[in-house]
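The block underneath contains the structure these notes are about, expressed in structure tokens.
The values are calculated or read from the model by the stated rules, or taken from the named source; none is laboratory data. Remember, it's a predicted structure, so these values are computed and weren't measured experimentally. Cβ: placed from backbone, ideal geometry, glycine included. Neighbour counts: every protein chain shown. Quick note on the areas: whole protein, heavy atoms, side chains included, nothing else; ligands and nucleic acids left out. Shrake-Rupley method; radii C 1.70, N 1.55, O 1.52, S 1.80 Å.
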Amino acid sequence: IFTLVGGSILNLLTSGIFVQQVSLSKQELVDQVSFIADYMSRAIREAQKDMTGACSSPAKSNYEVIGTDRIQFLDVGGICRDIIFDSVGGTITESIGGAAAVSLFSDNLVVNSLSFTVSGETQTDDLQPRVTFFLDVQAKEGREGQRPRMRLQTTISQRHIDILE
């Protein structure tokens, strides 16, 4: 009887610990994805038109998407920003003004994919520039098939009116 009761208590305890680990992992995932989505959205929303083409090409464009996993734009301070998905390392990095790229994610998470699409980026389309990004992130730790995963897609319109100067 003691072995049965002891085994049941041990099983209950290990189940509780596992549930707590999964819960903490999910919370970290939600916090990180929320942070990165807000950070990128704020930077992209505040972008300004690159009149000279120093940061993006062609000149007078708002954003330049290179491939589907990299975006360049002039930020509100007139500094060239570059947000890049590193598929080999499974992370997102940012370079500001040509400085060395800095990771924007925790080491506990792996980014499966990040893609950007832009609409309304030219002066002749009569559309306000919009950037849509899709982000797929997963926790590194945990049992295979049970690691928390989160997918997010959002569209951001540029705050500044898209007019020729």
Checklist outcome for this item: Among the residues of segment 122-141, the number that are open to solvent by 60 Å² or more (accessible area, probe 1.4 Å) and either touching a Ser or Thr at 6+ places or on another chain (Cβ under 6 Å) or among the charged types (D, E, K, R) (or both) is 6
Next on the checklist: What pairs come out if I take residues in segment 144-161 that are outside any loop (DSSP other than H, G, I, E, B) and pair them with residues that are open to solvent by 60 Å² or more (accessible area, probe 1.4 Å) and among the hydrophobic types (A, V, I, L, M, F, W, C) whose C-beta lies under 7 Å away, six or more apart or interchain?
Outcome noted: M150/V30; Q153/F134
Next on the checklist: Conditions first: (1) of a type in the set (S, T, Y); (2) without any contact (Cβ under 8 Å) to a residue 40 or more places away in the chain; (3) under 17 Å from T155 (Cβ atoms). S95 passes all but one, so which condition is the exception?
Outcome noted: (3)
Checklist entry - So which residues in segment 60-102 are more than 14 Å from the chain's Cα centre (by Cα), of a type in the set (D, E, K, R) and within 15 Å of Y39 (Cα to Cα)? => result D75, R81
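Rundown of residues vs (1) over 30 Å from E141 (Cβ atoms); (2) outside any strand (DSSP E or B); (3) out of contact with any strand residue (DSSP E or B) (no Cβ under 6 Å at 6 or more places or on another chain); (4) not hydrophobic (A, V, I, L, M, F, W, C), yes/no style:
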position	(1), (2), (3), (4)
C55	yes, yes, no, no
T68	no, yes, no, yes
V76	yes, yes, yes, no
I83	no, no, no, no
T93	no, no, no, yes
G98	yes, yes, yes, yes
N112	no, no, no, yes
T117	yes, no, no, yes
D126	yes, yes, yes, yes
Checklist outcome for this item: Selection from segment 1-30 of residues part of a helix (DSSP H, G or I) and either under 23 Å from V131 (Cβ atoms) or of a type in the set (A, V, I, L, M) (or both) yields L4, V5, I9, L10, L12, L13, I17, V19, V22, L24, L29, V30
Checklist entry - Restricting to segment 68-105, what's the tally of residues that are exposed (fewer than 12 other Cβ atoms within 10 Å of the Cβ) and over 24 Å from D162 (Cβ atoms)? => result 5
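Of everything in segment 38-56 that's among the aliphatic types (A, V, I, L, M) and surrounded by fewer than 18 Cβ atoms within 10 Å (Cβ to Cβ), which residue is farthest from I83 (Cα to Cα)? Quick ask: steps written out before the conclusion?
The initial filter retains those residues of segment 38-56 that are among the aliphatic types (A, V, I, L, M), namely 40, 43-44, 47, 51, 54.
Retained after the next criterion (residues that are surrounded by fewer than 18 Cβ atoms within 10 Å (Cβ to Cβ)): 51, 54.
Numbers: M51: 20, A54: 16 Å.
Among residues in segment 38-56 that are among the aliphatic types (A, V, I, L, M) and surrounded by fewer than 18 Cβ atoms within 10 Å (Cβ to Cβ), the one farthest from I83 (Cα to Cα) is M51.
Please find, within segment 57-66, the residue that is most open to solvent (accessible area, probe 1.4 Å) out of those that are among the polar types (S, T, N, Q) and assigned to a loop (DSSP other than H, G, I, E, B). Don't jump to the end; show me each part of the working.
Here is the first cut: in segment 57-66, the residues among the polar types (S, T, N, Q) are 57, 61-62.
Those left that are additionally assigned to a loop (DSSP other than H, G, I, E, B): 57, 62.
On the way: S57: 67, N62: 2 Å².
Among residues in segment 57-66 that are among the polar types (S, T, N, Q) and assigned to a loop (DSSP other than H, G, I, E, B), the one most open to solvent (accessible area, probe 1.4 Å) is S57.
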Next on the checklist: Can you say whether N108 is over 23 Å from T155 (Cβ atoms), touching a residue at least 40 places away in the same chain (Cβ under 8 Å) and open to solvent by less than 70 Å² (accessible area, probe 1.4 Å), as far as the supplied structure shows?
Outcome noted: yes
Checklist entry - Are any residues in segment 119-134 closer than 15 Å to H160 by Cβ and among the hydrophobic types (A, V, I, L, M, F, W, C), and if so, which ones? => result L127, V131
